[in-house]
Amino acid sequence: GIVLPKPHMKLRGALAAADIDQQYLARKLLLSPKCVSQRMTGKYPWTLDEVYKILDLIRVPHDQMAAYFPPRGA
């Protein structure tokens, strides 16, 4: 069968490298862990405000947003 890549693989790697888990991310974004999980799996889109906060947390310049948050989470 075809194995589809998990959404947001680059983001997941960057969060792991920064030692940021979904619980911590949820607290930083003022979201529930379930909300973070649903965004990570592509069920719901990230808001622009959340995207900028995450990029700041993982210390990625905002102009690299598309690498971490590609269209439709691809």
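What follows draws every value from the coordinates through simple rules; no lab data is involved. These numbers come from a predicted model, not from an experiment. Cβ: placed from backbone, ideal geometry, glycine included. Neighbour counts: every protein chain shown.
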Checklist entry - Which numbered condition trips up Asp56, out of (1) on the phi < 0 side of the Ramachandran plot; (2) in contact with a helix residue (DSSP H, G or I) (Cβ under 8 Å, 6 or more places away or on another chain)? => result (2)
Checklist outcome for this item: Within the stretch 7-37, the count of residues that are over 21 Å from Thr47 (Cβ atoms) and charged (D, E, K, R) comes to 1
